[in-house]
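In what follows, a structure is listed as structure tokens, so that the remarks can point back to it.
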Amino acid sequence: MIIFPAIDLRRGKCVRLLQGRTEDETIYSDDPVEMALRWQREGASWLHLVDLDSAMSNASENREISKAIIRTLTIPVQFGGGVRNESDLDEILGGGASRVVIGTAAFRDPEFLKRAVGQYSDRIVVGLDARDGLLATHGWNQVEKVEALTFAKSLVQIGVERVVYTDISRDGMLSGPNWMVTEQLARETGLKVIASGGVSSLEDLRVLKPLGRSGVEGVIVGKALYEEKFSLGDAIRISL
């Protein structure tokens, strides 16, 4: 089971939001590169990196910071946020990212997703964000009239192998993840699933580990690490 420490970038800083609300922001570091190095030093095998500004709009100062993080680390980086076209893909993957997470564009432009998967195969991950079971897009600001599970099943036909699944109601809340739906998603689609949102304790990770048999291959952890609910080292030891 892979533990992905998360770095969310907003206005050049490392932050966490509550359920994606920009008004509920906590800044944890003014130096995202050093924060990324910290997680690498503490044993991370992957980093999950998100450009929140690009996810919510077209303008962002975070792209260069993201590329600096990718260049600096020796561990692989999974990047998401504002990936909308081939130029974005080429820039990010060409800049050294190991995977790119496509969110809104995967829903809005399925032909783009098909081309991306055709060119980059399993380096393409789809961000599957759900609010009350429905797909959320545009930085979680718009809820579509499509069930997240139904959309996930359509991704299999395109050739997508992996998704990051976030239950928005749990994100940043330290209330425990929605493991039941996460496992259902993996079991019913055959997709590899990375869980995201709500991890609050080592016990949450103990519950997650057996779900690997259903296809849940990892979990993204953010606020619990920044709030020192547990250490990354302890999380990794439980996941082995």
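Check the stretch 131-142 and report whether any residue there is of a type in the set (K, R) and touching a Leu at 6+ places or on another chain (Cβ under 9 Å). Steps first, answer last, please.
Applying the first criterion (of a type in the set (K, R)) to the stretch 131-142 yields 131.
Filter again for touching a Leu at 6+ places or on another chain (Cβ under 9 Å), leaving none.
No; the residues of the stretch 131-142 include none that is of a type in the set (K, R) and touching a Leu at 6+ places or on another chain (Cβ under 9 Å).
Against the definition (in a helix (DSSP H, G or I), out of contact with any Lys or Arg (no Cβ under 8 Å at 6 or more places or on another chain) and buried (at least 18 other Cβ atoms within 10 Å of the Cβ)), how does A186 come out, yes or no? Full working, then the answer.
Working: in a helix (DSSP H, G or I): yes; out of contact with any Lys or Arg (no Cβ under 8 Å at 6 or more places or on another chain): no; buried (at least 18 other Cβ atoms within 10 Å of the Cβ): yes.
No: the conditions fail for A186.
Pairs under 9 Å by beta carbon, first residue in a loop (DSSP other than H, G, I, E, B) in the stretch 221-234, partner acidic (D, E) and surrounded by fewer than 22 Cβ atoms within 10 Å (Cβ to Cβ), six or more apart or different chains?
If the second residue must be acidic (D, E) and surrounded by fewer than 22 Cβ atoms within 10 Å (Cβ to Cβ), the pairs left are S231/E42.
What is the number of the single condition among (1) in a loop (DSSP other than H, G, I, E, B); (2) modelled with pLDDT of 95 or more; (3) polar (S, T, N, Q); (4) crowded, with 20+ Cβ neighbours inside 10 Å that S60 does not meet?
Condition not satisfied by S60: (2).
Condition first: surrounded by 19 or more Cβ atoms within 10 Å (Cβ to Cβ) and in contact (Cβ under 8 Å) with a residue 60 or more places away in the chain. Now tell me which residues in the stretch 197-215 satisfy that.
Hits for the stretch 197-215 are L205, L208.
G133: of a type in the set (G, A, S), under 13 Å from the mean Cα position of the chain (by Cα) and over 17 Å from N85 (Cα atoms), yes or no?
Details: of a type in the set (G, A, S): yes; under 13 Å from the mean Cα position of the chain (by Cα): no; over 17 Å from N85 (Cα atoms): yes.
Considered against the rule, which asks whether it is of a type in the set (G, A, S), under 13 Å from the mean Cα position of the chain (by Cα) and over 17 Å from N85 (Cα atoms), G133 comes out as no.
Looking only at the stretch 162-219, count every residue that is of a type in the set (V, I, T), modelled with pLDDT of 95 or more and within 14 Å of L128 (Cβ to Cβ) and tell me the total. Reasoning before the result, please.
Within the stretch 162-219, the first condition is being of a type in the set (V, I, T), and the residues that meet it are 163-164, 166, 168, 181-182, 189, 193-194, 199, 207, 216, 219.
Cutting the leftovers down to modelled with pLDDT of 95 or more gives us 163-164, 189, 193-194, 216, 219.
Next cut, within 14 Å of L128 (Cβ to Cβ) only: 163-164, 189, 193-194, 216.
Looking only at that region, the number is 6.
Given the conditions (1) at positive phi; (2) touching a Ser or Thr at 6+ places or on another chain (Cβ under 9 Å); (3) at pLDDT 95 or above, which single one is not true for G43?
(2)
Just to be sure I understand, how many residues within the stretch 41-68 are over 16 Å from the mean Cα position of the chain (by Cα) and either more than 20 Å from V125 (Cβ to Cβ) or among the aliphatic types (A, V, I, L, M) (or both)?
10
Which strands (runs of 3 or more DSSP E) does the stretch 107-172 wholly contain that include 2 or more residues that are touching a residue at least 40 places away in the same chain (Cβ under 8 Å) and within 22 Å of D51 (Cα to Cα)?
Values: elements: 124-131, 134-137, 142-147, 162-167.
Result: 124-131, 162-167.
Restricting attention to the stretch 68-88, which residues are part of a helix (DSSP H, G or I) and under 17 Å from I102 (Cα atoms)?
Of all residues in the stretch 68-88, those part of a helix (DSSP H, G or I) come to 68-72, 86-88.
Of everything in the stretch 68-88, those that are part of a helix (DSSP H, G or I) and under 17 Å from I102 (Cα atoms) turn out to be E86, S87, D88.
The values are calculated or read from the model by the stated rules, or taken from the named source; none is laboratory data. None of these values were measured; they are calculated from a predicted model. Here Cβ is always computed from backbone atoms with ideal geometry, including for glycine, and neighbour counts include all displayed protein chains.
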